[in-house]
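The numbers here are math on the coordinates, done by the rules we state, and not lab data. These figures come from a predicted structure and were not determined experimentally. Positions of Cβ are backbone-derived with ideal geometry, glycine not excepted, and every protein chain shown enters the neighbour counts.
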Amino acid sequence: MESKRIDLYNCKELKKLKRMLIAMRAAAVFIAAVSLAVCIFFCIGTNTANAQSQLIKTLIASTLGGWAVITLRITAIRHYKYACVHYEAILNGDEEPFDGSFEVSDVITRIHGGVSFYDVKALDDEQKTLSLYSGCRERFDERAALRVYCVYMFIKAYEVRYEDN
Amino acid sequence: MRIINGFFSNIHRYLFWLVISFVVWAWIFTLITDAPRAKKVVVFSNTPATRDTELAVELEKELPDGIRTIKVHPFSYSAFDTGAPDLADIYILTEKDIRENLHMLCPIEPSSEKDLVIDGCCYGLMLYDHETKSGAAGSFFGYYPEDALPDGAVLIDDNAAASAELGDPASYYISFNKNSPHLGKLNDSKDEAAILVADHIMKLP
C-alpha cells in the first residue's frame, strides 16, 4: 500500500495572502487620502457665510473616512497579516510526524495577535492535541489521514492511503 | 458576526478618532476663518436678537483695506469667556449699557442730536431710536424684547413676569472700544477700519 502526501500550505497560497495584504493596505491608504482630499476641499471652499456647514461636512468626511480605515484594519488587514506570518512560520519550520487517527473539534479558537485554529485530538495518543489552521479546515480529511506532519504543533501536511489501480 | 464583535471590542478606537477629528478640524477651521486682531473688526451686540452670520457676510462685502474678516457676536457668545468683549472694536449698546461701561469706551464726534452725550463727551452714535421707532440695520438686529423669543412664540402682555425677564424696549447706539486698533485719529490707531464698518452698519436697511 502506498501513501500520498497532501500539503495544506504552499508558497502559491502565501503569495496570494501577501498580495491581499498589500491590496488591503493600499485600500486603507486610498480611503484615508480621499477623505483628507475631501476635507481639504471643504476647507478651501469656506467663507464667513458657510463656515458652520463646511465644518460639519468636514467632520463627517473625516470621521467616516477614519472609521472606514479602522474597520479595514481590524478586520481584513489584521487577518491577512497574521495569516502571512503564520504561513511563513509553518513553511520554514521543522516537521514532526504523528501517526494514527485524528479528530477535529467543532470549536474555533482565536488567539489575540494570532490566527484562528481548530484543536485536533490524536485518538491513538490521548496526550497529544494538535492544531489545524482554520484556513486549511476544508482541505484536511481527518478520516483518511494516516499520518500528519506538524510544525509548532500545527498540521502542515498529512498522508492518506493511495491505491494505484 | 466577527465584524460586529470586532467593532464592539474596538469601540474605543472609533470614539478616540471621533474626538481627535473634531478637535483637529475645529482648530483648523478657527485658523482659516479667524484673523489676528490687527486684520479683523469685531462687533459685539447687546440687542435682543442678532443675525450675526448674515450681518458679517453683509459687512464683508465692503472690507476696509488691511482687514481680512469681520466677526459679529451677540453678548451671549462671551458667556464662557468674560474677556472676549474686551477685544471687540464696535459695540451695539443701550444707554444703560454705555453708562455702566463708560471706562471701556472711546469718546467720539457726535453726528446728530440724538447721539448719546455723557458729561460733555459723545459715547454712542444713534443706531435705533425707540421713541420714533426708526433706525438702521433693522434687518440684522432685533431691537424689541420679543425678538429674543423663539420663532413662533408670542409675548403675553398680561404676563408681567414674562415681560420683565425680556427687559424694556430701548434705543441702541454704536460705541467704540477705546483700545481698538482701528479707530484712526480717535486713539492714534494705524487705520480707521472700525469707523468705516460702523458707517456701513448705519447705512444698512
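Counting pairs of alpha carbon atoms under 8 Å apart in space and at least six apart in sequence, what relative contact order in percent does the stretch A:69-155 give?
Values: 120 pairs, mean separation 26.9, N = 87.
The normalised contact order for the stretch A:69-155 reaches 31 percent.
Extension gain A:ALA37-A:ASP7, at 0.36 nm per residue separation less the Cα-Cα distance, in nm? Intermediate values should be presented prior to the final figure.
Working: separation 30, 0.36 × 30 = 10.80 nm, distance 4.67 nm.
Result for the pair: 6.1 nm of gain on full extension.
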When chain A is treated as a GNM, springs tying every alpha-carbon pair under 10 Å, which of A:PHE41, A:PHE140, A:PHE102 comes out with the largest mean-square fluctuation? A:PHE41
Helix-only CD estimate at 222 nm, as mean residue ellipticity for chain A, using -39500 (n - 2.57) per DSSP H run (n ≥ 4): -15000 deg cm²/dmol
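With the cut-off at 29 Å, tell me which of the pairs A:LYS15/A:LYS128; B:LYS71/B:LYS133; A:LYS57/A:LYS81 have Cα atoms farther apart than that.
Working: A:LYS15/A:LYS128 32 Å; B:LYS71/B:LYS133 27 Å; A:LYS57/A:LYS81 34 Å.
Beyond 29 Å between Cα atoms: A:LYS15/A:LYS128; A:LYS57/A:LYS81.
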In chain A, which longest range has no GluC sites (Glu not before Pro) that are both DSSP loop (not H, G, I, E or B) and surrounded by at most 15 other Cβ atoms within 10 Å? A:1-94
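For the stretch A:72-149, which trypsin sites (Lys or Arg not before Pro) pass both filters: DSSP loop (anything but H, G, I, E, B) and at most 16 other C-beta atoms within 10 Å? Please list the in-between numbers first.
Working: sites: A:ARG73, A:ARG78, A:LYS81, A:ARG110, A:LYS121, A:LYS128, A:ARG137, A:ARG139, A:ARG143, A:ARG147; in loops: A:LYS128, A:ARG143.
Sparse-neighbourhood loop trypsin sites (Lys or Arg not before Pro): A:LYS128, A:ARG143.
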Evaluate the charge dipole of the stretch A:26-165 about its Cα centre and quote only its size in Debye, nearest 20, assuming +1 on the Cβ of each Lys and Arg and -1 on the Cβ of each Asp and Glu. 1260
Over chain A, one equal point on each Cα, no solvent: what is log10 I(q)/I(0) by the Debye formula at q = 0.18, 0.20 Å⁻¹? -1.07, -1.21
Expressed as a rounded percentage, what relative contact order does the stretch A:1-117 have, with Cα pairs under 8 Å and six or more residues apart? 32
